[in-house]
């Protein structure tokens, strides 16, 4: 028989519900160790093997492998997802003073790359179900100065690229897909990252495949590939991979070269990506099913046109269903139950952050003083984003790590949500609980 402590909220002295530990991620197997060992053995007799500057070695082999895996004509490696984004902006021709449409709800590096290029971010709102940019919200941000759109497949959820590409093509805009959290996600029958002008990926911590640090971009445009190599790779590689006479500013560009260890690890992980994503989907769809009908929470949505690969599981708190209970108190109770839950990591909408409101990046007024019009940001610009950040955004830290059979953990997490919902009145202040 269950003890009274089993039913009492852990925050109020009861026993926690979640006892199964979170799975570790990433996990390196003998495959990755063997691949790295083989590269190191080859380097013992070839002093140039580990470097990519001569257009060969583990990094270039990784580029070929990801291009083949995703069905893209070209891939260029970088040392981070952010570096891939910055390289992409340069490669599609974004210049200082240009405007780039970006989502107000995303990881800040989806926007800082725009600022680093001296371009001006114009923030668009998100779809309330998928949390991604839409063609309709992007259209409201359009101006004669708009050069490109950064579309973020947030948390592993594909944005609606059919409508986005139709909008972009109608207005002559480059589309940069930020796939940092969506490696292996599908939009209809195509991999995200192969639909827009450029797709940018991360292999950093917590992603679907992990090399420690690193990134890469995919493109079908030879010209974009040439510009990306010129921007991100060593000048010696320019001589190998760029056509004769290609104009490269001599010595005044950054290099964002990937480390060969990251390339070696991720090349060995690529054959496992589909299976890992399948397991993530099974586990997190099971969590959604277990949360159906639970007061106070709406399970994470999956679009009808995409394959969500779950970097994180991000449901929506519904305060109207638990009257009087704040999100902070709700999350506090779930954490006490052992659930890996936090308030969502965006917290403050990007257009309302201090740097944006003050229009200051690196120096006062920069880069807004380079623009052709006066771009300002204010509360009310992106109401869906603002409401989610203020009231309903939460994250369950089960996503990329949800490989293998996680049914026990999923069941316990769901039970924690149901327990808090059933006993939520016990968490209210006396004035609320007596109503």
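The values are calculated or read from the model by the stated rules, or taken from the named source; none is laboratory data. Being a predicted model, the structure only gives us computed values, none of them experimental. Every residue, glycine among them, receives a Cβ derived from its backbone with ideal geometry; neighbour counts consider all protein chains shown.
Some observations on this one:
- Number of positions in region 69-91 that are within 23 Å of residue 145 (Cα to Cα) and surrounded by fewer than 22 Cβ atoms within 10 Å (Cβ to Cβ): 1
Residues checked against (1) surrounded by 13 or more Cβ atoms within 10 Å (Cβ to Cβ); (2) in contact (Cβ under 8 Å) with a residue 12 or more places away in the chain:
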| residue | (1), (2) |
| --- | --- |
| 379 | no, yes |
| 384 | yes, yes |
| 387 | yes, no |
| 391 | yes, yes |
| 396 | yes, yes |
| 402 | yes, yes |
| 406 | yes, yes |
| 410 | yes, yes |
| 417 | yes, yes |
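- Filtered residues of region 107-159 (kept if part of a loop (DSSP other than H, G, I, E, B), crowded, with 24+ Cβ neighbours inside 10 Å and at positive phi): 131
- The number of residues in region 242-282 that are at pLDDT below 95 and at negative phi comes to 12.
Conditions tested, residue by residue: (1) under 29 Å from residue 210 (Cα atoms); (2) free of Cβ contacts under 8 Å to residues at least 24 places away in the same chain.
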| site | (1), (2) |
| --- | --- |
| 258 | yes, no |
| 278 | yes, yes |
| 292 | no, yes |
| 295 | no, no |
| 306 | yes, no |
| 318 | no, no |
| 337 | no, no |
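- All helices (runs of 4 or more DSSP H) inside region 338-435 with 3 or more residues being more than 18 Å from residue 124 (Cα to Cα), touching a helix residue (DSSP H, G or I) at 6+ places or on another chain (Cβ under 6 Å) and at pLDDT 95 or above: 407-422
- Residue 268 being surrounded by fewer than 21 Cβ atoms within 10 Å (Cβ to Cβ) and either over 20 Å from residue 399 (Cα atoms) or more than 21 Å from the chain's Cα centre (by Cα) (or both): no
- Among all positions in region 37-49, there is at least one residue which is in contact (Cβ under 8 Å) with a residue 40 or more places away in the chain, under 29 Å from residue 219 (Cα atoms) and in contact with a helix residue (DSSP H, G or I) (Cβ under 8 Å, 6 or more places away or on another chain).
- Residue in region 1-15 that is under 29 Å from the mean Cα position of the chain (by Cα), surrounded by 12 or more Cβ atoms within 10 Å (Cβ to Cβ) and either modelled with pLDDT under 95 or not in a helix (DSSP H, G or I) (or both) present: no
- Taking the criterion of being surrounded by 21 or more Cβ atoms within 10 Å (Cβ to Cβ) and under 21 Å from residue 386 (Cβ atoms), the only residue of region 326-343 that qualifies is 330.
- The residue that is nearest to the chain's Cα centre (by Cα), counting only those in region 346-377 that are farther than 20 Å from residue 99 by Cβ and surrounded by 12 or more Cβ atoms within 10 Å (Cβ to Cβ), is 346.
- Neighbours by Cβ (under 9 Å, 6+ apart or cross-chain): first from region 168-193, touching a residue at least 60 places away in the same chain (Cβ under 8 Å) and on the phi > 0 side of the Ramachandran plot; second in a loop (DSSP other than H, G, I, E, B) and surrounded by fewer than 22 Cβ atoms within 10 Å (Cβ to Cβ): 188/305; 193/72
- Lone unmet requirement of (1) surrounded by fewer than 19 Cβ atoms within 10 Å (Cβ to Cβ); (2) closer than 28 Å to residue 184 by Cα; (3) over 19 Å from the mean Cα position of the chain (by Cα) for residue 94: (1)
- When we screen 299, 295 for residues that are within 20 Å of residue 395 (Cα to Cα), touching a helix residue (DSSP H, G or I) at 6+ places or on another chain (Cβ under 9 Å) and surrounded by fewer than 17 Cβ atoms within 10 Å (Cβ to Cβ), the only hit is 295.
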